[in-house]
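**Q** Below you will find the structure I want to go over with you.
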Amino acid sequence: MPHILVTGASGFLGQAVVMAIQSIHQDWTLTNLDLRPPPLPQPSVNYIQADITKASEVDVAIRKANPDAIVNVAGWVPNGSLRYSNSKALRDKVFAINHLGTLNVLSAAQKTKCKAFVHTSSCTVVSDDQDHDFPNMTEEIVGRATLAYGASKAPAELAVLAANTTNFQTCALRPATVIGPGDTYGVIATIHACIAKGETPWIIGTGDNMYDFVYITNIADAHLLALENLLSTKPFPESAAGHAIFVSNQQPVYFRDFMLAIWKHFGHVPPFQFVVPTPLAWVAGLFAEMKTWVSGAKESTLSRGSVRDAVGTRYASNEKARRVLGYYPRVDFVDAVRLACEVSIPKCCCFDQRKYLTRI
């Protein structure tokens, strides 16, 4: 039976990927390579501590494990105002983890018997180009990501796909923004916080821009499908080798409606609604940044970057995910939002994901 190594398996998505594999392939050997041990026990999973930014550590760890396949989930997503920062310190950190870290894992894998490499890329390799809208993105579209996260994931993805050979098959999944129990990206928490701040009435721009998201177990399923595809001698429907593939819940929504649904779950309805033109919001974002800089505060909710993000249209076609992987989301988006909200505020710190996932 194959031995699968999952990098970043102590994290939000990595834990879900491990559970998805175990739910179908109980006889497969699993190893978690992460800087930190998992927050919850992972029965029958070996744990190896390693820092992916250190080539020597990664090389020793992966040589020791000698896996048949690797699912490279490890990475870092800047949260809050850092999401829109382009400071040198921020870019150095995010590139060290997401780009250099991927190169280290990839290089080490090629020195072992590993024959399949599934890489967690991101939709942001395209959509972090804030100067353009991206409706119904396809894999052929080339973005010019300006934000640090997307800019760091893009060259990592290219390196993974360039490494694809007959004996070492690779593919890259581009998840939409992930929501679900244990969300470390803070999507639900950030939107929920608008209630206490009195920010729910304000609609920035037209309010008709569309986004897509993906539920945690759905994207974990996609990773399993990609892994099975690359390991198969006769992949069905077709081989994923050498491909980048967008994965979402296949249900793009108006971003404003997404926020309203979250607030409604917590019993809040905006008392009124007021449209703030985008140029005015952008100026307000600039002043908020200046105030934060002058006061020395850690971060501001409003910024020029958050305004541009809030008015952008960014969702992807999943035709390739359906055609190549046979991927269809098991958890509907309406249920995904409800389930994510039920455990995100304020229970996420004590939530046992295993007990929860058995119910869906």
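The values are calculated or read from the model by the stated rules, or taken from the named source; none is laboratory data. Given the structure is predicted, the values throughout are model-derived calculations rather than measurements. Glycine gets a Cβ as well: all are built from the backbone with ideal geometry, and neighbour counts include every protein chain shown.
**Q** Out of the residues in the stretch 18-39 meeting the condition of being under 22 Å from S107 (Cα atoms) and hydrophobic (A, V, I, L, M, F, W, C), tell me which one is farthest from the chain's Cα centre (by Cα).
**A** L30
**Q** Going through the stretch 130-149 one residue at a time, which ones are of a type outside the set (D, E), touching a strand residue (DSSP E or B) at 6+ places or on another chain (Cβ under 9 Å) and assigned to a loop (DSSP other than H, G, I, E, B)?
**A** Within the stretch 130-149, T138, I141, G143 qualify.
**Q** Then there's this: Please tell me if I188 is assigned to a strand (DSSP E or B), of a type in the set (A, V, I, L, M) and closer than 30 Å to H265 by Cα.
**A** Taking the combined requirement at face value, the residue does not satisfy it.
**Q** Of the conditions (1) in a loop (DSSP other than H, G, I, E, B); (2) modelled with pLDDT of 90 or more; (3) surrounded by fewer than 23 Cβ atoms within 10 Å (Cβ to Cβ), P155 fails just one. Which one is it?
**A** Exception for P155: condition (1).
**Q** Does at least one position in the stretch 21-41 carry a residue that is part of a helix (DSSP H, G or I), over 16 Å from A220 (Cα atoms), at pLDDT 95 or above and among the small types (G, A, S)?
**A** Within the stretch 21-41, none of the residues are part of a helix (DSSP H, G or I), over 16 Å from A220 (Cα atoms), at pLDDT 95 or above and among the small types (G, A, S).
**Q** What number of residues within the stretch 194-224 satisfy the criterion of being of a type in the set (A, V, I, L, M), under 27 Å from R330 (Cβ atoms) and either assigned to a helix (DSSP H, G or I) or touching a Lys or Arg at 6+ places or on another chain (Cβ under 6 Å) (or both)?
**A** 5
**Q** Is the stretch 204-214 home to any residue that is within 25 Å of G14 (Cβ to Cβ) and of a type in the set (V, I, T)?
**A** yes
**Q** Can you pull out the residues in the stretch 45-55 that are crowded, with 21+ Cβ neighbours inside 10 Å and either polar (S, T, N, Q) or in contact with a Leu (Cβ under 6 Å, 6 or more places away or on another chain) (or both)?
**A** Residue satisfying the conditions is A50 alone.
**Q** Oh, and also: Looking only at strands (runs of 3 or more DSSP E) that lie completely in the stretch 229-318, which have at least 1 residues being modelled with pLDDT of 95 or more and among the hydroxyl-bearing types (S, T, Y)?
**A** The qualifying strands (runs of 3 or more DSSP E) are 314-316.
**Q** Among the listed residues T184, T124, T112, identify the single one that is under 22 Å from L100 (Cβ atoms), surrounded by 22 or more Cβ atoms within 10 Å (Cβ to Cβ) and among the hydroxyl-bearing types (S, T, Y).
**A** T124 is the lone residue from the list that is under 22 Å from L100 (Cβ atoms), surrounded by 22 or more Cβ atoms within 10 Å (Cβ to Cβ) and among the hydroxyl-bearing types (S, T, Y).
**Q** To continue, here is another question. From the list V118, V58, V6, V77, which residue is buried (at least 17 other Cβ atoms within 10 Å of the Cβ) and either assigned to a loop (DSSP other than H, G, I, E, B) or basic (K, R) (or both)?
**A** Unique residue meeting the criteria: V77.
**Q** Here is a check on your reading of the model: is C194 in contact (Cβ under 8 Å) with a residue 60 or more places away in the chain and more than 23 Å from S239 (Cα to Cα)?
**A** Yes.
**Q** So D221 passes all but one of these: (1) under 15 Å from the mean Cα position of the chain (by Cα); (2) farther than 30 Å from H3 by Cα; (3) buried (at least 21 other Cβ atoms within 10 Å of the Cβ). Which condition number does it fail?
**A** (2)
**Q** Out of the residues in the stretch 24-44 that are of a type in the set (A, V, I, L, M) and over 13 Å from G8 (Cα atoms), which is surrounded by the most Cβ atoms within 10 Å (Cβ to Cβ)?
**A** Restricting to residues being of a type in the set (A, V, I, L, M) and over 13 Å from G8 (Cα atoms), the top hit is L40.
**Q** I'd like to know if the stretch 102-109 contains one or more residues that are within 17 Å of the chain's Cα centre (by Cα), at pLDDT 95 or above and either more than 14 Å from Y211 (Cα to Cα) or surrounded by fewer than 21 Cβ atoms within 10 Å (Cβ to Cβ) (or both).
**A** yes
**Q** All but one of (1) out of contact with any Ser or Thr (no Cβ under 9 Å at 6 or more places or on another chain); (2) in a helix (DSSP H, G or I); (3) without any contact (Cβ under 8 Å) to a residue 60 or more places away in the chain hold for L82, so report the exception by its number.
**A** (3)
**Q** Report, ordered by the first and then the second residue, all pairs with beta carbons closer than 6 Å, sequence separation of six or more or different chains, a first member in the stretch 120-143 that is closer than 19 Å to Y254 by Cα, and a second member that is hydrophobic (A, V, I, L, M, F, W, C).
**A** From residues that are closer than 19 Å to Y254 by Cα, the pairs are C123/A176; C123/A316; S127/F134; D128/A145; D128/L147; F134/V126; M137/V126; M137/A316.
**Q** I've got another one for you. Please work out which one of (1) at pLDDT below 95; (2) more than 22 Å from G11 (Cα to Cα); (3) not hydrophobic (A, V, I, L, M, F, W, C) is the condition E139 fails and give its number.
**A** E139 satisfies all of (1) at pLDDT below 95; (2) more than 22 Å from G11 (Cα to Cα); (3) not hydrophobic (A, V, I, L, M, F, W, C) except (1).
**Q** Same structure again: Out of curiosity, is I70 modelled with pLDDT of 95 or more, over 20 Å from the mean Cα position of the chain (by Cα) and either in a helix (DSSP H, G or I) or of a type in the set (A, V, I, L, M, F, W, C) (or both)?
**A** no
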